[in-house]
Amino acid sequence: MRYADGPSVHDEVRIAAAPPEVWRLVTDIGLPARLSPELQRTEWLDDATGPRLGARFAGHNRHPLVGEWRTVSHVVDMDLERRFAWAVTDPDNRFGGGPADPAHPLATWAFDLRPEEGGTLLRHSARLGPAPSGLSAAIDRMPEREEELLTRRLGELRTGIRATLEGVKRLAEEQA
């Protein structure tokens, strides 16, 4: 496994709530910050007040090994009640990837919803790269440990994804 290959991680959960209710939750960019151990807060940028293709939002993150950093995410795919995806960029060039470009993100995240009998199947995923990140900086310092570093980071992301999915499930089913 190599960072250059765009490693990814995903998980999914069945929710006893209709897709419109789940959609309302997953497109609330503030919700993952309440559920994630790493994402601390978010806010819409420009004149955006909600999700739409091309909208941007800032994310403020904290990790014990990397410290704090800011990202800007661009909504790159939005299919009502089916898919919400965003490309994460490094607006401050903290990781040396050059100008922030959603076509060359640090990571791409998505929620995919599929209607099912009695509710919704929700899948949450992340693909790393191709732009440099805190992880790629660690790999550059310790190339012989690339697979170990990737495995650890994907495990952290899987834990955050699981926490987010369980939180969405709990909230959606409470409101259904």
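Read the figures in this text as sums done on the coordinates, not as results from a lab. What you see is a predicted model; the values in this text were computed from it and never measured. Please note: Cβ atoms are built from the backbone with ideal geometry, for glycine as well, and neighbour counts cover all protein chains shown.
Points worth noting:
- Contact order relative to length of the chain, as percent, for alpha carbon pairs under 8 angstrom and 6 or more apart: 30 percent
- Taking the charge dipole of the stretch 3-175 about its Cα centre, with +1 at Lys and Arg Cβ atoms and -1 at Asp and Glu Cβ atoms, the residue from Thr164, Phe84, Thr27 reaching farthest to the positive side is Thr164.
- Cα long-axis angle, helix 146-175 against the chain (0 to 90 degrees, to the nearest 10): 20 degrees
- Cα-projected label distance for Arg158 with Asp101, points at 7 Å along beta-carbon direction, nm: 3.2 nm
- Using a Förster distance of 35 Å, the FRET efficiency for Met78-Asp140 (Cβ separation, nearest 0.05): 0.55
- In Å, descending, principal axis extents of the Cα set of the stretch 46-114: 36, 24, 22
- Centroid-to-centroid separation of the stretch 24-78 and the stretch 116-174 [C-alpha atoms, Å]: 15 Å
- Candidates Leu39, Leu53, Leu150: whichever shows maximal mean-square fluctuation once the chain is modelled as a Gaussian network with Cα springs under 10 Å: Leu53
- Dipole axis of the chain (+1 Lys, Arg; -1 Asp, Glu on Cβ), positive-most option in Ala58, Ala138, Pro102: Ala138
- Rg/Rg_ref, the chain, where Rg_ref = 2.2 N^0.38 Å and atoms are Cα: 1.02
- Among Gly129, Gly59, Gly67, residue whose mean-square fluctuation peaks in a GNM of the chain (springs only between Cα atoms under 10 Å): Gly67
- Using only side-chain charges placed at the Cβ, +1 for Lys and Arg and -1 for Asp and Glu, the dipole size of the chain relative to its Cα centre rounds to 200 debye.
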